[in-house]
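Q: Here it is: the structure, laid out below.
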Amino acid sequence: MTANQYRNPGMPLDLAWVMRARVNRSALERRTATLPARRAIKKEWQAAWLLRAITCIDLTTLAGDDTPGRVRRLCAKAKQPVRPDMLAALGAAEADITVGAVCVYPNRVREAVEALKGTHIPVASVATGFPDGQTPLAQRIAEIEQAIESGATEIDVVIARTYVLTGDWKALYDEIRLFRDVCGGSAHMKTILATGDLGTHKQVYQASLVAMMAGSDFIKTSTGKEKVNATLEFGLVMTRAIREYADQTGYQVGFKPAGGINSAKQALAWQALMREELGVEWLMPDLFRIGASSLLTDLERQLYHYITGHYAARHHMPMG
Amino acid sequence: MGVLEIFKSLDYGPAPESSLAANAWLDDHERKFGLFINNEWVRPKGVEYYPSFNPANGELLAETTQAGQPEVDLAVTAARRAFEIWSKTPGSVRARYLYAIARNIQKHHRLLAVLESMDNGKPIRESRDIDVPLLARHFYYHAGWSQLMETELHDYQPVGVVGQIIPWNFPLLMLAWKIAPAIAIGNTVLLKPASYTRLTALLFAEIIAEAGLPPGVINVITGSSKAGTMIVTHPDVDKIAFTGSTDVGRTLRRQTAGSGKKLSLELGGKSPFIVFDDADLDGAVEGVVDAIWFNQGQVCCAGSRLLVQENIAGRFLQKLERRMETMRVGDPLDKCIDMGAIVDRTQWETVDMWVKRGAEEGGEVFQPSIDLPDKGLFYPPTLIKNLDPAAETVQEEIFGPVLVSLNFRTPAEAIALANNTRYGLAASLWSENINLALDVASKLKAGSVWVNCTNLFDAASGFGGYRESGFGREGGREGLFEYLRPAWQPRPRPDYAPADAKADKDSWGAHIPARPTLPDANKANGRELPRVDRTPKMYIGGKQVRPDEQYTRPIFSVKGKLIGQVGDGNRKDIRNAVEAAHAAHTAKPGWAMRHGYNRSQILFFIAENLQARSDEFAERIRISTGCSAALARSEVELAIERLFLYAAWADKYGGSVQETTLHGVTVGVNEPLGVVGIACPDEFPLLAFVSLMAPAIARGNTVVMIPSEKHPLSATDFYQVLDTSDVPPGVVNIVTGDRDYLTKTLIQHEDVDAVWYFGSARGSYYVEHESAANMKRTWVSYGIRRDWTSAEQGAGHEFLHEATQVKNIWVPTGE
């Protein structure tokens, strides 16, 4: 596809396009059921792909018991996600392998920025009444502003599901557009659709289109707090919307699945989905992120297995 | 390639499945196989061997035996001996054996899958995730029918020894479709795998022996088409089941004609894949991949004719072409490919020839710029655009990874284009509008219709074709009847074979029109008031019409007295009747489209009006046949009862919900065949006529009736009953005359969908033989009389079964 390297500026809301959306669920399910089986990735290819997956992780902690110490430990892991001896064995010691970003609540941004000083690892902050988006608009806007002020360069905003469920696409567009304006030139915006809260896959497709029209840099599946998180079906719907948007506008929008992704096998399935539906560019961290907290350990264990031929013990991998 | 390099390129690499166990198994047999008869390897002396190659790399895998007549005889004898026991084994016991087979398939799942991919060239993903699981599924499902046979199928018996000939595209799956239903209900089997792909059938044979199946129930015979002919023509084989090309199907139809063997054929296709403008286009693109690039397109029901609504055609084809660019073609044992190798060089060359032909015919050929392996029989996924229905590439089955595309403007045009084919195996249609989708599904002439999905199979749903895609179903309850015979009926052994084929064929149905006859001595003396002359006519399109040629046929009573004259029908009368029968379908509402309620009302009404004239009909029968008045009256009463019977069935045989593995609804619809030609026997001239006509029209067929040749006057009286019973024009047409002469025209008429013939063994031979031209369904008596007065022989499920064909509509659900 022909695509523009520049950041998605968004476009006026095109309701006719939104209403034209058609998604057939059973067809989605067949595609996602067979896609991972069509693209088995083994041996050195698997090691390389998993290493790449590590660079796409938004290493995340979003919990009530987050403390400065917890954030610091996470950032240490973000800087050194794979044991140096293993990286050397992979011939990737010089590759500067880090995760894609560290993702925290607004209150924890400052500590993360501090811990990551001197690296190129961005700090992402959730905002806009995460996870439910049910707080007054002014407060949601203020959260974005404060996160940016604290040093976040990526903002993960949640949408108001109400607008999707009531079909008020104009209101949804206006609000996301406003978030985007607040992010301005200081921060990239990932828009969380909270797909598990939406009624149908068609609505996920429609919400994806509206979010991109409103200028999102990424669209993201979930907060991790919904009952259903990142499923491959949601991912397929959203990546197809991204492809359609790129076809029509020339702008590439990134994709971030989040929630429930904790195994190397899942990571490879998501990567295969990206490569098949969007192309190899969408496997790089500027267009692909995986929101996860415990995934990294399993990726490391698989790398260990590739290197040594032995199955790895969890406690041999340094904690984040 | 180093990890760091791939880290940047994110290329795919090989992900090979190990072939260690499969190769070890071949080595265990020293790569040379005998025949599997009576649970033993039989290695005949002095036979030829045939090499099996891996199409992906050309390597010799093993050699297999070319069976000859002694080996076929040995296997038939083994199967016959086993049948004597197996057919009497309680269903609940057979169920245990089938269950054991299913379990043993699962125990050797990977070995079966790997060997299948090595021998056939199909991707390991498909053999592992589709073929072998379905193989097991078929034995589980049919273990259930073994268990239920005594209670659910008690009016039927197994047919006996079954010869089964299967193709190379799904060696294991086709084996399952054939063997599981056959042995479940008490038959024994000779299976002949295709020459290119014999190895997994031999592995399967060992697995079923390991599962403890008694000897002789399943025998595997490898051999050339000569061995196939030996099986097909063997007198002690009771039934032939074949999957393969329509041309070979025609040959088998002719070879088995008049033998009394049952036959089921699953043949070629050129199935439409219809995309409406309100479809999920991305979903439909993946559907196309599954439709035509599944198994390298070597699928009889492959969606090989893409029909796209004109207003979205550009966008859709653009999406499709982009998708083709991400297809991966390569080593079948690689778990990271979409398409493997074409089975054989001959096949590869045929596919290539068709693509070149498509270009010559003005098509625009698109092949993606993807890598193919340097050696091996690989062919890229191919799309040929801008073709018209007149192009040969649009009409002919290519049997490879080649899709042709056409556009349509309206749903009506989509249906017309979809049905513009001699085949009728399957169809796929894509729309998010349920009203449109289900309406189109009901109008497509195909045995399987997939709504928003494609190439789905399950043991609980019968698979098989309309038109020249064959007849019979495999899977589901409907599939069992291919391996059953009514309990009262012994295997017919008419054994009619013409001595001089050409002369015999020419003389069959030859006819010189009748001439005037001098009345007998009992002449009117001129003083009595003569009866008003009554001239029975033909009944065509709801009108009483004179015969085309105005020849007249005298009708005598059994005592030789002239009792009337009927028209002596000819080819054109048959032609006109067939046209009228078609018009009754295209009328609005067409006969098949009417509610069962409406058809039942009409059948009840026919019965009512026959009752009103029952004395007259009884008298006619008495005079014509010379039977007693009491017997004549009872024949009329039975005819009325039959009309009531099929009035009852007119709205109670619509089909069933099939319990497949689909998340959604699979509906098996018992559809009419279309236009059915029916040649009636001479015995019971009214009862047999009604017993054949009524089930046919009750289930939505329109009919061309050739009444009893000797006693046609009951039928010509009957059209007045039809006339007063609201029967729409053309639903029942009656052409009187010479049975075989008229039948010859009917059977050779290519717009007749089925012919039922109740006449001589010789006539039955020709009906079956000549039906091969358009593969119409036939039902013949082989010159054996049935008792039309018996509820068992003269009525019932067999008649409904013969009057219908099953269409399975798959509708996945979920939003």
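The values are calculated or read from the model by the stated rules, or taken from the named source; none is laboratory data. Here the structure is a predicted model, which means the values were calculated and not measured. FYI the Cβ positions are ideal-geometry reconstructions off the backbone, even for glycines, and counts take in every protein chain you see. For accessibility, only protein heavy atoms count, side chains too; no ligands or nucleic acids. Shrake-Rupley method; radii C 1.70, N 1.55, O 1.52, S 1.80 Å.
Q: As an exercise, identify the trypsin sites (Lys or Arg not before Pro) in the range B:711-794 lying in DSSP coil whose Cβ has no more than 15 other Cβ atoms within 10 Å.
A: Those that pass, being in a loop and sparsely packed, are B:R785.
Q: Calculate the length of the line joining the C-alpha centroid of the range B:382-427 to that of the range B:317-333, in whole Å.
A: The distance from the Cα centre of the range B:382-427 to that of the range B:317-333 comes to 21 Å.
Q: I've got another one for you. Can you list the residues, at least 5 places off or on another chain, whose amide H is less than 5 Å from the amide H of B:G303, using H built in the peptide plane?
A: Amide H to amide H, under 5 Å and 5 or more residues apart or across chains, B:G303 pairs with B:I292.
Q: If you don't mind, there's one more thing I want to ask. For chain B, what is the relative contact order in percent, using Cα pairs closer than 8 Å and at least 6 residues apart in sequence?
A: Normalised by residue count, the contact order of chain B is 12 percent.
Q: Across peptide B:13-21, what mean number of C-beta atoms from other chains lies inside 10 Å of a residue's C-beta?
A: Taking the mean over all residues of the peptide, I get 3.
Q: Using a probe radius of 1.4 Å on protein heavy atoms only, what is the accessible area buried between chains B and A, both sides summed, to the nearest 100 Å²?
A: The contact between A and B buries close to 3900 Å².
Q: If the cut-off is 18 Å between C-alpha atoms, which aspartates and glutamates fall inside it for B:K335, apart from same-chain ones fewer than 8 positions away?
A: Once the sequence-local aspartates and glutamates are set aside, what remains near B:K335 is A:E44, A:E276, B:D11, B:E17, B:E116, B:D119, B:E126, B:D129, B:D131, B:D290, B:D371.
Q: Now for a separate question. Per residue and in Å³, how big is the convex hull formed by the alpha-carbon atoms of the range B:674-815?
A: Hull volume over Cα atoms, normalised by residue count, gives 140 Å³.
Q: So, for the range A:15-316, what is the accessible surface per residue at a probe of 1.4 Å, expressed in square angstrom?
A: On a per-residue basis, the range A:15-316 sits at 35 Å².
Q: Sticking with this structure for a sec: Hey, which of these cross-link pairs are over 25 Å Cα-Cα: B:K572/B:K776; B:K385/B:K588; B:K239/B:K807; A:K77/A:K220; B:K88/B:K239?
A: B:K385/B:K588
Q: Roughly how many nanometres apart are two label points built 7 Å out from the Cα toward the Cβ at B:D504 and B:L60?
A: So the two model labels end up 4.4 nm from each other.
Q: Give the relative contact order (percent, whole number) for the range A:15-316; include only Cα pairs under 8 Å separated by 6+ residues.
A: Worked out over the range A:15-316, it gives 19 percent.
Q: Sticking with this structure for a sec: Output ³J(HN,Hα) for the range B:462-472: one whole-Hz value per residue in order, computed from phi by the Karplus curve 6.51 cos²θ - 1.76 cosθ + 1.60 with θ = phi - 60°, and x for Gly and Pro.
A: My calculation for the range B:462-472 gives x, 10, x, x, 9, 6, 7, 7, x, 8, x Hz in order.
Q: Here's something else I'd like to know. Whenever you get a sec, compute what percent of the accessible area on the range B:328-430 sits on carbon and sulfur atoms (1.4 Å probe).
A: Carbon and sulfur: 45 percent of the exposed surface of the range B:328-430.
Q: Provide the per residue accessible area, probe 1.4 Å, for the range B:225-378, rounded to a whole number of square angstrom.
A: 31
Q: Something else about it: At what distance in nm do the modelled label points of A:R20 and A:T67 sit from each other, each positioned 7 Å from its Cα along Cα→Cβ?
A: If labels sit at A:R20 and A:T67, their model points lie 5.6 nm apart.
Q: Also, quick follow-up: Is the range A:20-72 rounded, prolate or oblate when judged by the Cα gyration tensor, a ≥ b ≥ c being the square roots of its eigenvalues, rounded requiring a/c under 1.5 and prolate requiring a/b larger than b/c?
A: It comes out oblate by the Cα gyration axes.
Q: Here's another thing I want to ask about it. Tell me, what HN-Hα J-couplings in whole Hz come from the Karplus equation 6.51 cos²θ - 1.76 cosθ + 1.60 at θ = phi - 60° for each residue of the range B:412-420, using x for Gly and Pro?
A: Listing the rounded values in order: 4, 5, 4, 5, 4, 5, 4, 8, 7 Hz.
Q: Determine the share of the range A:71-152's accessible area contributed by carbon and sulfur atoms, expressed in whole percent, with a 1.4 angstrom probe.
A: Here it works out to 48 percent.
Q: Classify the range B:71-111 as rounded, prolate or oblate from the Cα gyration tensor: take a ≥ b ≥ c as the square roots of its eigenvalues, call it rounded if a/c is under 1.5, otherwise prolate when a/b beats b/c and oblate if not.
A: Here the range B:71-111 falls in the oblate category.
Q: Separate question: Quote the FRET efficiency, to the nearest 0.05, computed for B:E392 versus B:D751 with a Förster distance R0 of 22 Å and r equal to the Cβ-Cβ distance.
A: About 0.50, to the nearest 0.05.
Q: Continuing with the same structure: Quote the FRET efficiency, to the nearest 0.05, computed for B:R546 versus B:T517 with a Förster distance R0 of 25 Å and r equal to the Cβ-Cβ distance.
A: Approximately 0.80, to the nearest 0.05.
Q: In nm, give the distance between the simple-model label positions of A:S263 and B:N598, each being 7 Å from the Cα along the Cα-to-Cβ direction.
A: About 5.7 nm separates the two model spin labels.
Q: Which residues belonging to the range B:774-815 lose at least 20 Å² of 1.4 Å-probe accessible area when the assembly is complete, relative to their chain isolated?
A: Buried by the other chains: B:P812, B:G814, B:E815.
Q: Can you bin the protein assembly as shown into rounded, prolate or oblate? Criterion: square roots of the alpha carbon gyration tensor eigenvalues sorted a ≥ b ≥ c, rounded for a/c under 1.5, prolate for a/b above b/c, oblate for the rest.
A: In terms of gyration-tensor shape, prolate.
Q: Per residue of the range B:82-91, what does 6.51 cos²θ - 1.76 cosθ + 1.60 with θ = phi - 60° give for ³J(HN,Hα)? Whole Hz please, x for Gly and Pro, Karplus curve as stated.
A: For the range B:82-91, the Karplus curve yields 5, 4, 4, 8, 4, 5, 9, 5, x, x Hz.
Q: While we're here: Please state the relative contact order of the range A:176-232 as a whole percent: Cα pairs under 8 Å, 6+ residues apart?
A: 44
Q: Further question on the same structure: Quick one: check the C-alpha center-to-center distance for the range B:602-648 versus the range A:178-241, whole angstrom.
A: Each part's Cα centre sits 74 Å from the other's.
Q: Under 20 Å Cα to Cα from A:K225, which lysines show up? Leave out anything in the same chain fewer than 8 places away.
A: Straight-line reach from A:K225, under 20 Å: A:K190, A:K256.
Q: For the range B:572-668, with all protein chains present and a 1.4 Å probe, just round the carbon and sulfur fraction of the accessible area to a whole percent.
A: Summing carbon and sulfur atoms, their accessible area is 57 percent of the total for the range B:572-668.
Q: Check which residues have an amide H placed less than 5 Å from A:F288's amide H, if you skip close sequence neighbours.
A: A:F255
Q: Follow-up. Tell me the Kirkwood radius of chain B: reciprocal of the mean inverse pair distance over distinct alpha-carbon atoms, in Å.
A: Over chain B, the inverse of the mean reciprocal pair distance is 28.2 Å.
Q: Run down the aspartates and glutamates and flag those whose C-alpha is under 13 Å from the C-alpha of B:K443, throwing out any fewer than 8 positions away in its chain.
A: Those aspartates and glutamates meeting the cut-off are B:E413, B:E671.
Q: Hey, another quick one. I'd like the per residue volume of the convex hull spanned by the Cα atoms of the range B:1-153, given in cubic angstrom.
A: Output value, Cα hull per residue: 157 Å³.
Q: When you look at the Cβ of every residue in B:450-456, what mean number of other chain Cβ atoms sits within 10 Å?
A: That average works out to 2.
Q: Post the alpha-carbon centroid distance, the range A:26-61 to the range B:98-163, in whole angstrom.
A: Taking the Cα centre of the range B:98-163 as reference, the centre of the range A:26-61 is 33 Å away.
Q: On to the next question. What is the packing order of peptides B:47-53, B:178-184, B:248-254, taking the mean over residues of other C-beta atoms within 10 Å and listing the highest first?
A: B:178-184, B:248-254, B:47-53
Q: So if the hydrodynamic radius of chain A is defined as the Kirkwood radius over C-alpha pairs, what does Stokes-Einstein give as its diffusion coefficient at 20 °C and 1.002 mPa s, in µm² per second?
A: The estimated diffusion coefficient comes to 109 µm²/s.
Q: Threshold 10 Å², probe 1.4 Å: give the residues of the range A:242-277, in number order, that are less accessible with all protein chains present than with their chain alone.
A: A:R243, A:E244, A:D247, A:R275, A:E276
Q: Still on this model: Amide H of B:V545: which non-local residues (sequence gap of 5 or more, or other chain) have their own amide H closer than 5 Å, using H built in the peptide plane?
A: It is B:M538, B:Y539, B:I540, by chain and number.
Q: Then there is this: Grab the beta carbon distance between A:A88 and A:K225, set R0 = 45 Å, and tell me the FRET efficiency rounded to 0.05.
A: The formula returns an efficiency of 0.70 here.
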